[in-house]
Amino acid sequence: MNLLKKIAPLLCLLLATMLTPFAYADTNGSEIQITNQPDNLVLQLGTQWAGLEF
């Protein structure tokens, strides 16, 4: 039991260093991009909505 208490922190450190590279997954550019400028939104509602203000 005493040996386990001495080895446990080292095992945790070893496991953490082995799993760290998976946290830096590479992206391929197809992800959603966040911009600071809004895009134009065009709605086509039909003639029954003509002249109404929102």
Task: Chain lengthening between residue 17 and residue 36 when straightened (0.36 nm per residue, less Cα-Cα) - done: 3.2 nm
Task: Nitroxide proxy distance, nm - points 7 Å out along Cα→Cβ at residue 6 and residue 47 - done: 9.0
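A short reminder: the numbers here are calculations on the coordinates, not readings from a lab. This structure is a prediction, so every number in the text was calculated from the model and none was measured. Neighbour counts are summed over all protein chains in view; Cβ atoms, including those assigned to glycine, are modelled from backbone coordinates with ideal geometry.
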